[in-house]
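**Q** Pasting a structure below so you can have a look.
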Amino acid sequence: MAFSSHRTPNAPFAPGIDAEEPISAASTPSDTAVVLVVEDDPLLRMNAVDMIEEAGFRAIEASDADAAIQMLETRNDIRLIFTDIDMPGSMDGLALAHAVANRWPPVRIIATSGHFKVSETDLPSGGRFIPKPYRQHQLVNMLAGLSTAAHL
């Protein structure tokens, strides 16, 4: 299956984008919040970045938790993290979520997985979970809610 970076209103370019559920202006960020997307699958990472940027957020990306930690150590503009749970490396997405909550408490976290069901008690306080496959409006509304709650 080929993916295109161009989309018409009636043709979603990748799984998970829901052209029938428009994103309201109220659900997009008032100031451009930076979202760090942490996903080991390059196509899923690219898809998530596209969804997030289409909604008006700025997105940066990391292929694993170690790269995400390095980015957090060198940048002070990351306000939200959207991370896969099942990733290779020294830590999975849940361990990353807890490490971020301990070192960067203002950063809000959304975890995702197609293999695990996670309750919000498994995540740090304020963390959220969205199962794969997710729709663009679900992800964006969750990001917008967290960015509004954190006054980002």
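FYI, it's all coordinate maths here, none of it is from the lab. Since the structure is predicted, the reported quantities are computational estimates derived from the model, not experimental observations. Neighbour counts are summed over all protein chains in view; Cβ atoms, including those assigned to glycine, are modelled from backbone coordinates with ideal geometry.
**Q** Any idea which of E73, E54, E61 is farther than 23 Å from S125 by Cβ, out of contact with any strand residue (DSSP E or B) (no Cβ under 8 Å at 6 or more places or on another chain), surrounded by fewer than 23 Cβ atoms within 10 Å (Cβ to Cβ) and not β-branched (V, I, T)? Lay out the reasoning, then the answer.
**A** Details: E73 fails: farther than 23 Å from S125 by Cβ; E61 fails: out of contact with any strand residue (DSSP E or B) (no Cβ under 8 Å at 6 or more places or on another chain).
From the options E73, E54, E61, the qualifying one is E54.
**Q** Restricting to region 58-106, and then to whatever is within 13 Å of the chain's Cα centre (by Cα) and polar (S, T, N, Q), can you tell me which residue is nearest to L36 (Cα to Cα)?
**A** The qualifying residue nearest to L36 (Cα to Cα) is T83.
**Q** Also, I was wondering about something else. Residues of region 51-99 being within 23 Å of R135 (Cβ to Cβ) and assigned to a loop (DSSP other than H, G, I, E, B), which ones?
**A** Within region 51-99, A55, G56, F57, I85, D86, M87 meet the criteria.
**Q** Got a number for residues in region 100-132 being under 20 Å from L72 (Cβ atoms) and assigned to a loop (DSSP other than H, G, I, E, B)?
**A** So the count comes out to 9.
**Q** Scan region 31-79 residue by residue and report those that are of a type outside the set (A, V, I, L, M, F, W, C) and free of Cβ contacts under 8 Å to residues at least 24 places away in the same chain.
**A** Initial filter on region 31-79 (of a type outside the set (A, V, I, L, M, F, W, C)): 31-32, 39-42, 45, 47, 50, 53-54, 56, 58, 61, 63-64, 66, 70, 73-77, 79.
If the condition is that a residue be of a type outside the set (A, V, I, L, M, F, W, C) and free of Cβ contacts under 8 Å to residues at least 24 places away in the same chain, then P42, R45, E53, Q70, E73, T74, N76 are the ones that fit.
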